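Step one of this worksheet: look at the structure below.
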Amino acid sequence: MTFFLSILFSCQSNLSQEKKEKINKKEPFWKIRNQTIDKNKSTMEYPIKKDTSISNEKRSNYIYIHSADCQFEVYINDVLLTNFKGEMARKGGITGGHITNFLLLTSGTNEIKVRMYPPYGDKVFKIGAAVGLVFQHFRDGNFKTTVYDEKMRGKDGIILDHFDKQWVGDKGEYGTTSWVEGHYEPKTPLPLKGLPIYEWRSTFEAQVPYDLVGWHNSVNLEKEQEDENKNIKAELIAEYKKVHEIIKNRDVQAYLKLVKEREELLEKTMYYTEKDRKEKRKMAEELLNDGDYEIEPLFEETFQLEYQGYGKLATLLHKADGEGVIRLRNKKNPDENIYLDFLFQRKEKGGKLTVI
């Protein structure tokens, strides 16, 4: 590895002027984004649990997400499911793909939230930005049997764009209504053009053959910070330094122990087989032992604290691009980076922060 151990966790003066300028340019974005988050905070928490009747059915919930001329983030119950932004969105264009809804831990009513941003490099939306969502599930591992969520407009799905009309009904006729919070309402144009950010929310029903706790009963870290004046960011930074050290030392066993609870949840929600478990372990070993990649230093001035899960989860994001602060750079190809994201919880009052 080709960097100096003495500057891993501090020495802010070593952050290049070019990177400082890039981060400073992003400050207005974070300010607007945080104001939007604060303004639009949920007044209630999801999921609203309901008894499942499919305990013997292997059901996989998916959302087909497609977009054009924008960047976006998709959250389920206030936890990031997927995103298309930053460097990956540099070339823009049209995206599309099925995303496994692995964040569903129990059957019931769930919240989906979409944050849309202008195309990479643009400050405001122009005409053409759109995000589409099609809710569906597959049964018993049979991907040929697709069941669409008719309450979320079936095969047509939800379209978030700037038009004053959108497709409704199975026949695809134009209409002047849209599906909002479980019922049709008069459709008004989404005020995208000229805005720097747009947020949309709705709820949907989903069933899964399991009932998992995950982070749902964890301490609300955001309230701890507000009510008890706890320095959650400083606590997080200390934990990130430990993560950084594990990866720097290429300590596979320590890394697997670090992410054990997260992987156990994924095993259940993604129906991992023994083959899948071995493959995941192999991928972690190969990544940590790949000599072509080196871990980048941590610079605290670049950290942005982010809460998810209605305040029960916390993470650190990089101010320059909104990606995780633990990042691996390919020494042979500097433009190729791997960002490792970690969400931390506090299981009980007075406990330490742990990865989930």
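The values are calculated or read from the model by the stated rules, or taken from the named source; none is laboratory data. Because the structure is a prediction, the values reported are computed rather than measured. Cβ coordinates were reconstructed from backbone atoms using ideal geometry, including for glycine residues, and neighbour counts include every protein chain displayed. Protein only, heavy atoms only, side chains kept; ligands, DNA and RNA dropped before computing areas. Shrake-Rupley method; radii C 1.70, N 1.55, O 1.52, S 1.80 Å.
Quick notes
- Under the condition of being open to solvent by 30 Å² or more (accessible area, probe 1.4 Å) and closer than 18 Å to L103 by Cα, the residues counted in region 213-223 number 3.
- Within region 250-259, the residues that satisfy the criterion of being surrounded by 13 or more Cβ atoms within 10 Å (Cβ to Cβ) and without any contact (Cβ under 8 Å) to a residue 60 or more places away in the chain are R250, D251, V252, A254, Y255, L256.
- Residues within region 43-70 that are loosely packed, with under 13 Cβ neighbours inside 10 Å and among the small types (G, A, S), tallied: 2
- Near pairs, Cβ below 6 angstrom, 6+ apart or cross-chain, from region 187-200 (closer than 13 Å to K123 by Cβ and surrounded by fewer than 13 Cβ atoms within 10 Å (Cβ to Cβ)) to any residue that is at pLDDT 85 or above and of a type outside the set (G, A, S): G194/V124
- Residue, nearest to T82 (Cα to Cα), within region 107-155, restricted to residues that are open to solvent by 40 Å² or more (accessible area, probe 1.4 Å) and among the polar types (S, T, N, Q): T146
- Scanning region 285-306 for residues that are within 21 Å of the chain's Cα centre (by Cα) and surrounded by fewer than 20 Cβ atoms within 10 Å (Cβ to Cβ) turns up F303, Q304, L305, E306.
- If you go through region 270-282 and keep only what is within 22 Å of Y62 (Cβ to Cβ) and exposed (fewer than 11 other Cβ atoms within 10 Å of the Cβ), you end up with T273, K275.
- Looking across region 86-106 at every residue that is buried (at least 18 other Cβ atoms within 10 Å of the Cβ) and touching a strand residue (DSSP E or B) at 6+ places or on another chain (Cβ under 7 Å), the one that is farthest from K49 (Cα to Cα) is identified as A89.
- Matching residues in region 334-351 - criterion: being over 16 Å from the mean Cα position of the chain (by Cα) and under 22 Å from G121 (Cβ atoms): P334, D335, E336, N337
- Matching option when the condition is open to solvent by less than 90 Å² (accessible area, probe 1.4 Å), under 30 Å from L212 (Cα atoms), at pLDDT below 95 and under 21 Å from the mean Cα position of the chain (by Cα), among N77, N83: N83
- Residue pairs whose Cβ atoms lie under 9 Å apart, sitting 6 or more positions apart in sequence or on different chains, and linking a residue in region 333-355 that is part of a strand (DSSP E or B) to a partner that is open to solvent by 70 Å² or more (accessible area, probe 1.4 Å), are N337/E87; R346/K352; T354/K347; V355/K260.
- Verdict on D170 being under 28 Å from G108 (Cβ atoms), surrounded by fewer than 15 Cβ atoms within 10 Å (Cβ to Cβ) and at pLDDT 90 or above: no
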